[in-house]
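Written out below as structure tokens is the structure these notes cover.
The values are calculated or read from the model by the stated rules, or taken from the named source; none is laboratory data. In this text the structure is predicted, and so the values were computed from the model without any measurement. Note that we place each Cβ from the backbone using ideal geometry, even for glycine, and neighbour counts take in every protein chain shown.
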Amino acid sequence: MNDKMSVFETILTKAYKSTEWNTEKSISSPNRGIYFGDGLFETMVYQNDELRFFGFHLDRLMEGMKLLGLNESKISPSEIIEHCQAAFRDEPMRVRLTIFREGVGKYAPLSVGFSQILHLTKLEKAPKVKSKSIVSKTVRLSFNSFSHLKTTSALAYVMANKERQERKADEVILLDSFGNVAESGASNIFWLKKGIIYTPSLESGCIAGISRRVLMNELIGKGKEVSEGLYPLSELLQAELVWVSNVSGISMIETIENSEFDTDMPDFLKGIL
């Protein structure tokens, strides 16, 4: 897995009361994003003159903003697209939009305002195959009213991927607090067994990934049986095929601990992401 930052990089910031995005530092520090992780983010792909699945990303972002009590009317989708167009260099871009509540204070929030950071880098495509996957020994996920959102308080994923690096693996599988499969270190997880496609439900504490939504819609549209639920690790390890997905693409999983899987991508997955 490539953990290096691309050479190409554009960072823009916009304070709540500002009408302009700036390349200069314009967001105060300390802030609630640093202090409490009081914010959200979306990671998107810009290619072919569009932000892929932008409507789905906005759906999730707006849901999160309503839950956090932020003023979602201040988000301007057209501005985000304009800055992507201006920075485009004929190669797909990874676009991260981060928002966090303005002010500092203590835990109790005092504002509905927020600052924004737009971070544009070259897209690193997901590898076709991830050879070595491990099950995290140090991190378990829990379900709550915001566990399906991409919040800036992402320490569980930081620690899981730290463990992945230390154990020299390509992917890490996360379980929930009851031992059910939840997701991987930065992707949702699916597997095929006896003609049925399985994926953990949101009650496992997994992220409501955009690629998860797209894949499920497409697979059901192709007549595939897709089952969401709470599944113990043993169910995953008995699969014929396992794959993980996020906005950068789909990766087939070759091994999880001592279990091996076929890595040929099935035709029904090709061309979806």
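Among the residues of the range 250-257, is any within 22 Å of K150 (Cβ to Cβ), surrounded by 15 or more Cβ atoms within 10 Å (Cβ to Cβ) and not β-branched (V, I, T)? Yes - at least one qualifying residue is present in the range 250-257.
Figure legend. Inter-residue proximity from the range 168-183: first residues of a type in the set (F, W, Y), second residues surrounded by 24 or more Cβ atoms within 10 Å (Cβ to Cβ), beta-carbon distance below 9 Å, spacing 6+ or different chains. Indicated pairs: F178/S204.
Tell me, which residue of the range 135-150 that is surrounded by 18 or more Cβ atoms within 10 Å (Cβ to Cβ) and farther than 17 Å from N180 by Cβ is farthest from the chain's Cα centre (by Cα)? Ranking the qualifying residues of the range 135-150, first place goes to L149.
Looking at E79, E91, can you tell me which residue is assigned by TED's automatic domain parsing to the domain that holds R52, acidic (D, E) and under 19 Å from F41 (Cβ atoms)?
Among E79, E91, only E79 is assigned by TED's automatic domain parsing to the domain that holds R52, acidic (D, E) and under 19 Å from F41 (Cβ atoms).
Tell me yes or no: at least one residue of the range 234-246 is touching a residue at least 60 places away in the same chain (Cβ under 8 Å) and part of a loop (DSSP other than H, G, I, E, B). No, the range 234-246 contains no residue that is touching a residue at least 60 places away in the same chain (Cβ under 8 Å) and part of a loop (DSSP other than H, G, I, E, B). Note on the range 174-196: residues that are β-branched (V, I, T) and crowded, with 23+ Cβ neighbours inside 10 Å amount to 2.
Taken as a whole, the range 59-72 holds at least one residue that is farther than 30 Å from K168 by Cβ, touching a strand residue (DSSP E or B) at 6+ places or on another chain (Cβ under 8 Å) and not in a helix (DSSP H, G or I). Restricting the range 29-48 to residues that are touching a residue at least 40 places away in the same chain (Cβ under 8 Å) and in a loop (DSSP other than H, G, I, E, B), the residue that is nearest to E63 (Cα to Cα) is D38.
Pairs meeting the criteria (first residue in the range 78-93 and in contact (Cβ under 8 Å) with a residue 24 or more places away in the chain and of a type outside the set (S, T, N, Q), second residue in a loop (DSSP other than H, G, I, E, B) and surrounded by 17 or more Cβ atoms within 10 Å (Cβ to Cβ), beta carbons under 6 Å, at least 6 apart or on different chains) are P92/L123; M93/L123. Pairing each residue of the range 216-232 that is exposed (fewer than 12 other Cβ atoms within 10 Å of the Cβ) with any residue that is of a type in the set (A, V, I, L, M, F, W, C) and in a strand (DSSP E or B), provided the two are 6+ apart or on different chains, yields C-beta distances under 9 Å for E225/I196; E225/I197; S227/I196; S227/I197.
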